[in-house]
Structures are given as structure tokens and as C-alpha cells.
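The values are calculated or read from the model by the stated rules, or taken from the named source; none is laboratory data. Everything quoted here is computed from the prediction, not taken from an experiment. Please note that ligands, DNA and RNA were not included when accessible areas were found on the heavy atoms of the full protein model with its side chains. Shrake-Rupley method; radii C 1.70, N 1.55, O 1.52, S 1.80 Å.
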Amino acid sequence: MKIAGYEKLSLQDFPNHISCIIFTQGCNMRCPFCQNSTLIPHNSNNLINEEEILSYLKARKNILNGLTISGGEPTLQSDLEDFIDKVKELGLKIKLDTNGLNTTILKNLIKKNKVDYVAMDIKNNINKYGQTSGVSNIIIQNILNSIELLKNSKIEHEFRTTIISEHHTLQDILEIIKLIGSSKYYLQNFKNSEYVLDKNLTSFTEEKLNLWNKILKDYPNVYIRGLEKE
Ligand code: SF4
């Protein structure tokens with residue numbers, strides 16, 4: 001596993017779990033709003049030995065009950081399944097964060113009960129996917145297949161979109177809601193930082209978010225992070 005970093009303890013990331021989060025190196029998208037752009041290249045000189053992570057998890061297994069595998073894109077790691085097995089031997093549950101482009105791997109992990117929770121990013125309305133993922137020739141059918149896979153599976157999951165004022169309209173979000181059916185769906189406002197690839201992007205104003213929150217109240221499965229449902 002190419003692991004570039006880890007957050008030792010999170011109470012929020014993995015629902016109902018106290019988890020550690022690891023970030024894998026390498027991604028097959030180039031989202032202009034990526035907060036983890038140092039994780040996009042497939043190699044890095046600053047990788048953390050897998051054994052260091054496993055011994056941290058072993059030492060904290062009485063406090064932790066989950067591990068989030070985030071990235072980058074974790075499904076690009078050829079030994080992901082073996083690594084999950086080692087973590088599961090410690091009694092921890094697994095949350096996987098994915099961009100949904102590797103449907104075959106996702107399907108295999110779900111079929112073999114290797115993951116307990118999946119959070120999949122939906123970058124935008126299907127018509128705008130190339131632009132918002134930074135991959136003009138993206139295989140959109142894989143994204144659609146991953147959405148179908150998760151929404152029809154019994155596995156706990158959520159879909160989520162980082163909303164950016166230059167990329168998303170309310171209509172885009174309504175189109176995404178049609179795709180995901182009754183699955184949980186979280187919108188999170190974009191935050192600019194030194195790592196973001198396109199420095200000209202901007203977040204939504206509080207006023208606009210409040211307006212969307214009112215309009216989206218008719219969808220009980222849709223939440224804007226940081227705002228109460230009205
Ligand atoms: S999917 Fe996009 S946001 Fe996520 S790590 Fe890759 S480039 Fe960054």
C-alpha cells in the first residue's frame with residue numbers, strides 16, 4: 001500500500017465509529033478543487049510504511065473501532081484487499097472513500113464483505129463530469145455503474161458532492177438526486193487552500209447555501225454539511 005499520511009483519530013468521518021483515516025497515494029482523477037492534490041501523483045518520496053500504520057492500529061485497537069481508507073483513490077492500490085484483511089484481523093471495521101471509477105474493484109470488495117461503509121464522491125451532473133473531475137475522457141458508464149451498485153446493495157453508504165460556485169447549479173444537484181434515489185447524499189461547500197489545483201475557484205455564499213437548504217428540504221435523504229435541515 002502506498003500510504004502518504006494518516007489522521008490518528010476521527011470521531012466524525014466514519015459514522016458511529018471512532019476511526020483512524022489513512023490517505024493513499026495516487027489518483028485517476030484531477031479534480032480542479034482537490035484538497036489533497038499532493039496525493040494525485042502515483043509515486044512520492046514521503047510514503048509511510050504499512051507496518052507503522054498496522055502497529056499504530058494494533059496499539060489503539062481498544063480505542064478505535066474503524067479505519068477509513070481515503071486518498072487519492074484507494075482502489076488503485078493493488079494490495080488493498082490484503083491490507084484490509086490485516087486490518088480486519090485487528091477487529092476494525094472498514095470505511096472506503098472512493099471516486100467510483102473502479103467499479104469492478106468496488107464490486108469485488110462489497111461481494112467479499114471487505115468493506116463496511118462506502119462514501120462515493122459524485123463530482124457533478126453526468127454532463128459536466130469531465131470538467132469537474134479534470135478527466136475529459138472519463139468513462140462515465142463506470143460512475144453510473146458504481147452508483148447503481150451502491151444504491152442497490154445492502155452495504156451502508158453515502159454519496160457526496162463538493163459544491164463549487166463555478167461548477168454546480170441547483171439543477172445539477174437535482175439531476176444527481178434523481179440518479180441516487182433514496183441513498184444518503186451530502187453536499188459540502190468547497191474550501192480554497194494552497195493545495196487546490198485551480199486557485200480561481202470559489203465557495204458558495206452562506207446566503208446561497210441557506211436558499212438551497214430550503215429548496216432541498218423536500219428531500220429527506222439530502223443534507224448540506226454544517227446546516228440543520230429545516
Ligand atoms: S478524486 Fe479528485 S478530489 Fe479525490 S483525490 Fe482524486 S483528484 Fe483529489
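How high is the relative contact order of the chain, given as a whole-number percent (alpha carbon pairs under 8 Å, six or more residues apart)? 17 percent. Protein-only accessible surface at a 1.4 angstrom probe places the residues 82, 198 in the order 82, 198, largest first. Largest mean-square fluctuation among 220, 74, 32, in a Gaussian network model of the chain whose springs join Cα atoms under 10 Å apart, belongs to 220. Converting phi to 3J(HN,Hα) with the Karplus coefficients 6.51, -1.76 and 1.60 and the offset θ = phi - 60°, segment 5-10 yields x, 8, 10, 5, 8, 9 Hz in sequence order, with x at every glycine or proline. For residue 24, nonlocal amide neighbours, meaning residues 5 or more places apart or on other chains whose placed amide H falls under 5 Å from its own, are 4, 70, 71. With all protein chains kept in place, the per residue accessible area of the chain amounts to 50 square angstrom at a probe of 1.4 angstrom.
Give the shape of segment 1-145 as rounded, prolate or oblate, defined through the alpha-carbon gyration tensor: a ≥ b ≥ c are the square roots of its eigenvalues, a/c under 1.5 means rounded, and otherwise the shape is prolate if a/b is larger than b/c and oblate if not. Working shown, then result.
Values: a/c = 1.92, a/b = 1.58, b/c = 1.21.
Cα axes put segment 1-145 in the prolate bin.
For segment 207-230 versus segment 100-172, the inter-centroid distance based on Cα atoms is 21 Å. Phi angles across segment 171-188 convert, under the Karplus curve 6.51 cos²θ - 1.76 cosθ + 1.60 with θ = phi - 60°, into 3J(HN,Hα) values of 4, 4, 5, 5, 5, 5, 4, 4, 5, 8, x, 9, 5, 5, 9, 10, 9, 10 Hz, Gly and Pro given as x. Here the chain has 47 percent of its accessible surface on carbon and sulfur atoms, given a 1.4 Å probe and all protein chains in place.
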